[in-house]
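Chemist: Sharing a structure below in structure tokens format, with a few things to ask.
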Amino acid sequence: MAEEKNQDLALPPVAQRAAANEHTPTDAGPTIVPPDSFTGKVSTLHEIALQIDAARSRDDIMRVLRNEVRWILPHRIAFACLTDRFRTEYTVASLGEVPLPGEEGARFGVGAGVAGVVMMNQSPLLIDLDEPLPEHDAEGVPRGDLPEHALGPMGMHTLLVVPLRTGNETIGALAFASDVRNAYGEHEIVLAQLLATQVAIALEYGAVLEDAQRRISQIELVNELAEDLTSTLELDQLLAAAADTIRKTFNFFDVTIFLLDRQREEAYLVAHAGTHADFLPPGYRQRFDEGLIGWAVTHDERIIAPDVSQDPRYASRDYRDTRSEIVIPIRVEHEMMGVLNVEDVRRHAFDETDAIVLETLCDQLGSAIKNAQLYDRLKRTNAKLTEFDRMKSDFLGIVSHDFRSPLASIVLAASALLKRPDAVDTRRLREYLTVIVDQANRLIRLAEDTLSMTKMEAGQLNYFFNMVNLERLIKDTISMAMISGRHTVTYEVDPRVSYVRGDQTKLRQVLQNLLSNAVKYSPAGGKVTIRAAHHSAEHLVVAVTDEGIGIPQEQQGKLFQKFSRVDTPEAKEIKGSGLGLWICREIVRAHGGHIWVESLPGKGSTFAFTLKKAHPDTAPE
């Protein structure tokens, strides 16, 4: 008895309980059921089933099988073939002492190999591995890749495969291989089927729990993302966080977010979260006529591609293992602004519930994008208003100073005349009158510039276009300008550009502003040149060149803005409102031309503008 007790103790707990199982006493006395008998194995199977029922996940169920199933079905190699939730593929998981060669978790189509035959026929299959395997390798899978083809070389002689069934649903298969010939018979088939039923029910129940947990996680994601989207108004940060949260919560392979450039008919990448961080470079763009993304944009609807290899719209890319893809439009106030693109390495990775959850997320993304865009627009507007307020303050300071200075000169000159009614000598009188006229003209120009700016901003400045003799216009401008005897002004007019069609008064104002600036910013003895020349078949160019202080390159871009002046020590000593060049630009634009500057500090400047040529037939004699 001691020896028997020791043998019992050598058995695992499940087998010990089976060995201790006693039937109801009969006349022959109690019968002890041997643990290796069919009845004993059924009792052991019951104990294993209790452990399987207590398991809470697929991994827990596989762990119970690895630890306990050898006590009812002796084997050297065992493996489970489990289908995905769409019943399109199965993966292989090793359960025996000796692992299967090859990659753990290898995927096969549901019709491939012995397991595929068992699942499709929903009946067990007992195979003598010493005989050639039947030709049932489906879906183009290389025979050598299927698990059963590795068994013979590993010394296995017998293979038993049973389906995992729940009602009429087959969710996989269990396979047991032995190095003993004819290792399995009717009893082993029955035990394997009973075990498979318990495992299938537990797996299906676990899948329901996992799916419920997955849906709960998705709902939590929607709530979490809603909070995240309201916590920031920076668009780049917002979209990057959304892509990363979606990928981690759904456990998808790759998540990208694109916004649309309608003008270029391209979708451009704004956020990416995935296994290959460098797969899509920053600034990546995809045309509307390419791939699933392009199709979703042009048709303005979502796409679920369960198997991209079978979808002609899919645009394949390098080192990407994508097998399924879903593209969801992102709309802002019913207008499509972008897409959420999710890819996975599994076929049929997305179902209708996934699509609904992702569409809900895209609705939230659309609202967040709108808020971020409004915030960005508000920031830009605020920056412009701040800059405008600064320029306005500068302008008011300039105008205040420029009004006071000439008025003070006028008052002083007039007061001097009033104090000397005996009529001072002619030379002194001429000097006073010259000061009065010059300063009054400065006020007139300042008033004219301010009035022109006000009318231009209000769209109330009227233009009267007539044929204008360009040479005469330049001569009139020179004669009206205040040019000291210390400057020389010359002009050249190409005979091919004698006439333009424009508003003579406005064009004279442009030339006066440019000529006045050239004189103001040129040293004594400087030369100013006005040239009118051929520019193109339709346009001529007028250029005013001086030998003045010049303009730094970094300040040239702002010259034609309102209230903007050159910010250098030399320029600060020269008075001006900062309106003249802006007015010139607006008048030139109204004439269909454009204006620009070419300058080097200390070398002088050239301000040039284009005008449309007048047709020779319309020019007067």
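The values are calculated or read from the model by the stated rules, or taken from the named source; none is laboratory data. Since the structure is predicted, the reported quantities are computational estimates derived from the model, not experimental observations. No Cβ is skipped: glycine too gets one built from the backbone with ideal geometry, and neighbour counts run over all protein chains shown.
Chemist: Can you spot a residue in the stretch 481-495 that is part of a helix (DSSP H, G or I) and modelled with pLDDT of 80 or more?
Modeler: Within the stretch 481-495, one or more residues are part of a helix (DSSP H, G or I) and modelled with pLDDT of 80 or more.
Chemist: While we're on this one: Which ones in the stretch 248-262 are touching a residue at least 60 places away in the same chain (Cβ under 8 Å) and over 15 Å from residue 372 (Cβ atoms)? Break it down stepwise before answering.
Modeler: Restricting attention to the stretch 248-262, the residues satisfying the condition of being touching a residue at least 60 places away in the same chain (Cβ under 8 Å) are 250, 252-260.
Scanning the stretch 248-262 gives 250, 252, 253, 254, 255, 256, 258, 260.
Chemist: Identify, please: which residue in the stretch 541-595 is modelled with pLDDT of 85 or more, of a type in the set (Asp, Glu) and more than 41 Å from the chain's Cα centre (by Cα) and is, among those, surrounded by the most Cβ atoms within 10 Å (Cβ to Cβ)?
Modeler: 546
Chemist: I'd like to verify a number: residues in the stretch 521-540 that are buried (at least 16 other Cβ atoms within 10 Å of the Cβ) and either touching a helix residue (DSSP H, G or I) at 6+ places or on another chain (Cβ under 6 Å) or farther than 28 Å from residue 462 by Cβ (or both), how many?
Modeler: To start, the set of residues in the stretch 521-540 that are buried (at least 16 other Cβ atoms within 10 Å of the Cβ) comprises 521-522, 526, 528-532, 535, 539-540.
Remaining after also requiring either touching a helix residue (DSSP H, G or I) at 6+ places or on another chain (Cβ under 6 Å) or farther than 28 Å from residue 462 by Cβ (or both): 521-522, 526, 528-532, 540.
Selection size over the stretch 521-540: 9.
Chemist: Could you run through the stretch 254-310 and say how many residues are assigned to a loop (DSSP other than H, G, I, E, B), hydrophobic (A, V, I, L, M, F, W, C) and touching a helix residue (DSSP H, G or I) at 6+ places or on another chain (Cβ under 8 Å)?
Modeler: Of all residues in the stretch 254-310, those assigned to a loop (DSSP other than H, G, I, E, B) come to 262-265, 275-284, 288-290, 300-302, 306-307.
So of that shortlist, the ones also hydrophobic (A, V, I, L, M, F, W, C) come out as 277, 279-280, 288.
Applying the additional criterion that residues be touching a helix residue (DSSP H, G or I) at 6+ places or on another chain (Cβ under 8 Å) yields 288.
Looking only at that region, the number is 1.
Chemist: Same structure again: Only one residue in 452, 415, 498 is modelled with pLDDT under 70, among the small types (Gly, Ala, Ser) and closer than 23 Å to residue 593 by Cβ. Which one?
Modeler: Selected residue: 452, the only one of 452, 415, 498 that is modelled with pLDDT under 70, among the small types (Gly, Ala, Ser) and closer than 23 Å to residue 593 by Cβ.
Chemist: Here's something else I'd like to know. Assuming residue 298 fulfils every condition listed in (1) polar (S, T, N, Q); (2) over 17 Å from the mean Cα position of the chain (by Cα); (3) at pLDDT below 85 apart from one, which condition is it?
Modeler: It is condition (3) that residue 298 fails.
Chemist: With respect to residue 239, is the statement that it is in the same structural domain as residue 173 (by TED's automatic domain parsing) and at pLDDT 65 or above true?
Modeler: Here the answer is no, as residue 239 does not meet what is asked.
Chemist: Could you run through the stretch 315-342 and say how many residues are surrounded by 16 or more Cβ atoms within 10 Å (Cβ to Cβ) and either within 17 Å of residue 88 (Cβ to Cβ) or outside the structural domain of residue 370 (by TED's automatic domain parsing) (or both)?
Modeler: Step one: list which residues in the stretch 315-342 are surrounded by 16 or more Cβ atoms within 10 Å (Cβ to Cβ), which gives 320, 322-332, 336-342.
Checking the rest, the ones that are also either within 17 Å of residue 88 (Cβ to Cβ) or outside the structural domain of residue 370 (by TED's automatic domain parsing) (or both) come to 322-326.
Looking only at that region, the number is 5.
Chemist: What is the residue count in the stretch 513-540 for residues that are assigned to a helix (DSSP H, G or I) and without any contact (Cβ under 8 Å) to a residue 40 or more places away in the chain?
Modeler: 2
Chemist: Another question, if that's okay. Just wondering, is there one or more residues in the stretch 113-133 that are modelled with pLDDT under 90 and under 39 Å from the mean Cα position of the chain (by Cα)?
Modeler: No, because not a single residue in the stretch 113-133 is modelled with pLDDT under 90 and under 39 Å from the mean Cα position of the chain (by Cα).
Chemist: For a quick check of your reading: which strands (runs of 3 or more DSSP E) sit entirely within the stretch 53-120 and have at least 2 residues that are touching a strand residue (DSSP E or B) at 6+ places or on another chain (Cβ under 7 Å) and touching a residue at least 60 places away in the same chain (Cβ under 8 Å)?
Modeler: Counting at least 2 such residues, we get 77-83, 89-94.
Chemist: Please find, among 376, 321, 344, the residue that is out of contact with any strand residue (DSSP E or B) (no Cβ under 8 Å at 6 or more places or on another chain) and within 23 Å of residue 106 (Cα to Cα).
Modeler: 321
Chemist: Of all residues in the stretch 334-368, count the ones that are among the hydroxyl-bearing types (Ser, Thr, Tyr) and more than 15 Å from residue 243 (Cα to Cα).
Modeler: Within the stretch 334-368, residues that are among the hydroxyl-bearing types (Ser, Thr, Tyr) and more than 15 Å from residue 243 (Cα to Cα) number 2.
Chemist: Inside the stretch 42-71, can you point out the residues that are surrounded by fewer than 16 Cβ atoms within 10 Å (Cβ to Cβ) and either outside the structural domain of residue 96 (by TED's automatic domain parsing) or of a type in the set (Ser, Thr, Tyr) (or both)?
Modeler: 57
Chemist: Return only the number of the condition from (1) crowded, with 19+ Cβ neighbours inside 10 Å; (2) β-branched (Val, Ile, Thr); (3) more than 26 Å from residue 461 (Cα to Cα); (4) modelled with pLDDT of 85 or more that residue 606 does not satisfy.
Modeler: Residue 606 satisfies all of (1) crowded, with 19+ Cβ neighbours inside 10 Å; (2) β-branched (Val, Ile, Thr); (3) more than 26 Å from residue 461 (Cα to Cα); (4) modelled with pLDDT of 85 or more except (1).
Chemist: Say we look at the stretch 153-164 and pick out the residues that are assigned to a strand (DSSP E or B) and more than 45 Å from the chain's Cα centre (by Cα); which of these is farthest from residue 132 (Cα to Cα)?
Modeler: Taking the candidates together, the pick is 163.
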